[in-house]
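Data first, discussion second: the structure below is written as structure tokens.
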Amino acid sequence: DTSSSSSTQNSVVPELPGFYYDSEKNRYFRLLPGHNNYNPLTKESIQYRAMECKRLRLLEEEGKQKKKTTRAGLNSSVLLQKRQLGLLSSTSYCRLVHELKVNCMQRRKIEIHSPDSSVAGTNNFKIIVADVACERIFTVNDVEHGGCKYGIINLSGLGKESLTVEMYDNLYFTNRKVNSVCWASLTHPDSHVKLCLMGISETPGCASLLPASLFSSTNPGDRPGMLCSFKISTAWSCAWCLNPQADNCFSTGLTRRVLVTNVVTGHRQTFGTSSDVLAQQFARQTPVLYNGCRSGEIFSIDVRQRNRKGQSWKAIRLFHGSAVTSIHLMEAEHYLMAADMAGKIKLWDLRTTKCVKQYQGHHNECAILPLHVNEEEGLLTAVGQDCYTRIWSLQDAHLLRTIPSPHPSSKDAIPSVVFSSRLGGRQGVPGLLMAVKQDLYHFSY
């Protein structure tokens, strides 16, 4: 076996500082650029070449054959037979069917239409965030002169045969970089979008609340609704509260503090922390805010209490070994999923404050990357800094599929994804949406 013999040979060859050993040419090459005109190699270029070869190989394999399930003996006929015999509950049957379908998803490119044809498809996607019903996707796109452009993609036209979506831009908000974004329910569910924007030179950062109607041309006579902006220092994260006891409130995770603001009254409540807050989420059943910090700490705050000096206001406290980049509170609110910059994804039991599961394979070194949890389908999705999209089974943490990016891997081409079994609403289609560079892809069942 040539592969085993070459790996054995590489392990025997001694490493020389400043040199790289090429097993194909059976010789050393200097790593420092400029010292060797024929092979100006660096460690970064060597790693990139290896990663690109792996990505192209996986893309070729996916194009040639349909994905098979990663579990031995699992297929649709076996599942149906077990279901009919009463050996599988309806919940387990649906979860395993989704698992089978995920392994057979095929990539197709989506055509993006816009009222302004000169704008559509001209800027790179940075962030895409779906509303609760997965009918619309809010997009943040990088622009050439700096800052970001915002838009909303309507998924109602997405079907099994139709691969066309409508994108509506608003060009009045294009001059700042977006750190975080979330949907907000002020007048009705997902009526607004919350944006945390970085400051520019002397101008401080701000948290802006934009009505979604600004991006839609369907009802031009409608009033745009509340549009407001709050000056803040650099915000790393934001979250909207859906609990009626803290109605119309949103939070922002800042440098060494948490700020909770009431949009209507303007009342602010500040909680000091020992580290930057990189991830946030409100609970639905109680007005409790969960925070993930750069120090690796995860803690909760009951926003009903007043922040008094000398008083401990942190309730639940969990600890990761690295900066926490994303958190997700499960529906029953007894468990919390968290990811960190070491690539660790852990499921915590909030009642015992212990880690009960770990999801292996995620790659991260220094980026703030989100988690996507679909409890109904029993799936966890995350995009790593290596630009691979990975899907796990929520139940047993089994890695179901690893999807390579259609574009070469780079720091500015990390895909942003949305997964749902109802893309476009109740009558929508299932699958994965992937935005990378200027393209939008649909991985359909």
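The values are calculated or read from the model by the stated rules, or taken from the named source; none is laboratory data. From a predicted model like this one, the values you see are computed outputs, not experimental measurements. Ideal geometry is used to build each Cβ from the backbone, glycine not excepted, and the neighbour counts take in all protein chains shown. These area figures cover heavy atoms from the full protein model, side chains too; ligands, DNA and RNA do not enter into them. Shrake-Rupley method; radii C 1.70, N 1.55, O 1.52, S 1.80 Å.
Before moving on, here are some points about what is shown:
- Hits in the range 372-390 (condition: part of a strand (DSSP E or B) and open to solvent by less than 20 Å² (accessible area, probe 1.4 Å)): LEU379, LEU380, THR381, ALA382, VAL383, THR389
- Scope the range 357-385; condition of a type in the set (D, E, K, R) and touching a helix residue (DSSP H, G or I) at 6+ places or on another chain (Cβ under 7 Å); matching residues: GLU377
- For the range 395-445, filtering for residues that are open to solvent by 10 Å² or more (accessible area, probe 1.4 Å), within 19 Å of GLU144 (Cα to Cα) and of a type in the set (Val, Ile, Thr) leaves 1.
- Any hit, the range 290-297, residues being of a type in the set (Lys, Arg), in a loop (DSSP other than H, G, I, E, B) and under 18 Å from the mean Cα position of the chain (by Cα): yes
- Test: residue in the range 291-312 that is crowded, with 17+ Cβ neighbours inside 10 Å, among the acidic types (Asp, Glu) and modelled with pLDDT of 90 or more: yes
- Any hit, the range 348-367, residues being assigned to a loop (DSSP other than H, G, I, E, B), open to solvent by less than 10 Å² (accessible area, probe 1.4 Å) and among the small types (Gly, Ala, Ser): no
- Within the option set ALA184, ALA235, being modelled with pLDDT of 80 or more, open to solvent by less than 10 Å² (accessible area, probe 1.4 Å) and over 30 Å from ARG422 (Cα atoms) holds for one residue only, ALA235.
- Tallying residues that are of a type in the set (Val, Ile, Thr) and assigned to a loop (DSSP other than H, G, I, E, B) within the range 391-445 yields 1.
- Only residues that are in contact with a strand residue (DSSP E or B) (Cβ under 6 Å, 6 or more places away or on another chain) and not small (Gly, Ala, Ser) were counted across the range 281-293, and they come to 7.
- Residue match in the range 148-156 (condition: farther than 30 Å from LEU197 by Cα, open to solvent by less than 30 Å² (accessible area, probe 1.4 Å) and at pLDDT 85 or above): no
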